[in-house]
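Input: a single structure, listed below in structure tokens.
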Amino acid sequence: MHAAVVVFPGSNCDRDLAVAFEAAGAKVSKVWHKDTEIPQGVDIIGIPGGFSFGDYLRCGAIAAKSPICGSVAAHAQRGGYVLGICNGFQVLTETGLLPGVLLRNAGLKYICKTVGLKVETSASAYTEGYNAGDTVNIPIAHHDGNYFADDETIARLQGEDRVAFTYTETPNGAKADIAGILSDNRRVLGLMPHPERAADADHGGTDGQALFRALTGALSAPVT
Amino acid sequence: MKARVHVMLKNGVLDPQGEAVRHALGAMGFEGVNGVRQGKVIELDLAEGATEADVTAMCEKLLANTVIESYTVEMG
């Protein structure tokens, strides 16, 4: 599997994400936000956490209009895989690749701690290494992780089994406890928690490993 | 030529910052503040010939996220 990790000014989880992909067996290329092309043969694009463009205007809004994002959208529209974590999730909602928006945390505070997540579906290349109903412990680190969409959109996400993860105890006010959602073709995942920070035993947890391993397994398997 | 864009959260979208300001005002003794909504103002310095339609396009594409925000444009 070949993964591309996009780097914006202010990204700060790009290296961690690259390391997690590599540990799962992927080849990784980093791509700068001013690039206009994703390297040939890339299976998945990772949009990392951080504070792209200083969170100016709205989190992810300026990154979503950067030159590389046209190629990210084209990759997704061709059926390519895109994983957006934390600020990456915010970028994906701003590009319109995922519905809804991430608002300021209901308690107004930046929250950095490990939280419990319930795996809502195992039916995706990202979550097939888990069982639906599993609880996993993954860190969060965000100021704007309060997922919001209108009731109709929330009902559609739930009805189409597109909620990937929910919080066991919502830390940020997210509607329907939503921590991560899938696109309608289930190939784009955005989530606020950081599985790449729980992918190495030395980091105090390995519950995120299954996500990267499942991806590598799914995307490296011969096409049938 | 100047344009001024006001961006506000839509009704029904919780505004925790506005709520925090409302609480602070109450704690300071300002009574009778029933609600506070916090938005932003963006001033644009435009080349001659720019139209309101241009600014509206800017709002739709970047300045506002119409999932949660509404905007108004003042020209001149």
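See the values below:
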| item | result |
| --- | --- |
| Tally, over segment B:59-74, of residues that are open to solvent by 60 Å² or more (accessible area, probe 1.4 Å) and in contact (Cβ under 8 Å) with a residue 24 or more places away in the chain | 2 |
| Residue that is farthest from A:Arg156 (Cα to Cα), among those in segment A:102-128 that are open to solvent by 10 Å² or more (accessible area, probe 1.4 Å) and within 12 Å of chain B (Cβ to nearest Cβ) | A:Lys109 |
| Condition check for A:Phe51: over 24 Å from A:Gly129 (Cα atoms), touching a residue at least 12 places away in the same chain (Cβ under 8 Å) and in contact with a helix residue (DSSP H, G or I) (Cβ under 8 Å, 6 or more places away or on another chain) | yes |
| Subset of segment A:33-56 [among the aromatic types (Phe, Trp, Tyr) and under 25 Å from A:Ala198 (Cα atoms)] | A:Phe51 |
| Residue in segment A:135-149 that is within 14 Å of another protein chain (Cβ to nearest Cβ) and surrounded by fewer than 19 Cβ atoms within 10 Å (Cβ to Cβ) present | yes |
| Residues of segment B:1-48 satisfying the condition of being in contact (Cβ under 8 Å) with a residue 40 or more places away in the chain, away from chain A (no Cβ under 12 Å), open to solvent by less than 60 Å² (accessible area, probe 1.4 Å) and assigned to a loop (DSSP other than H, G, I, E, B) | B:Leu46 |
| Pair list, Cβ < 6 Å and 6+ apart or interchain, from segment A:58-72 residues that are at negative phi and within 12 Å of chain B (Cβ to nearest Cβ) to residues that are open to solvent by 20 Å² or more (accessible area, probe 1.4 Å) and charged (D, E, K, R) | A:Ala61/A:Glu94; A:Ala64/A:Glu94 |
| Out of A:Asp184, A:Asp202, sole residue that is assigned to a helix (DSSP H, G or I), farther than 16 Å from A:Ile111 by Cα and open to solvent by 60 Å² or more (accessible area, probe 1.4 Å) | A:Asp202 |
| Residues (within 15 Å of the chain's Cα centre (by Cα) and away from every other protein chain (no Cβ under 12 Å)) located in segment A:75-90 | A:Ala76, A:Gly80, A:Tyr81, A:Val82, A:Leu83, A:Gly84, A:Ile85, A:Cys86, A:Asn87, A:Gly88, A:Phe89 |
| So A:Tyr126, is it among the hydroxyl-bearing types (Ser, Thr, Tyr) and part of a strand (DSSP E or B) | no |
| Elements of type strands (runs of 3 or more DSSP E) contained in segment A:19-93, each with 2 or more residues being open to solvent by 20 Å² or more (accessible area, probe 1.4 Å) | A:27-32 |
| Failed item in (1) open to solvent by less than 10 Å² (accessible area, probe 1.4 Å); (2) within 12 Å of chain B (Cβ to nearest Cβ); (3) outside any loop (DSSP other than H, G, I, E, B), with A:Leu157 passing the rest | (2) |
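The values are calculated or read from the model by the stated rules, or taken from the named source; none is laboratory data. All of these numbers come straight from a predicted model, not from anything done at the bench. When we count neighbours, we look across all protein chains shown, and the Cβ atoms used for this are built from the backbone with ideal geometry, even at glycine. Keep in mind that these areas ignore ligands, DNA and RNA; they rest on the heavy atoms of the full protein, side chains included. Shrake-Rupley method; radii C 1.70, N 1.55, O 1.52, S 1.80 Å.
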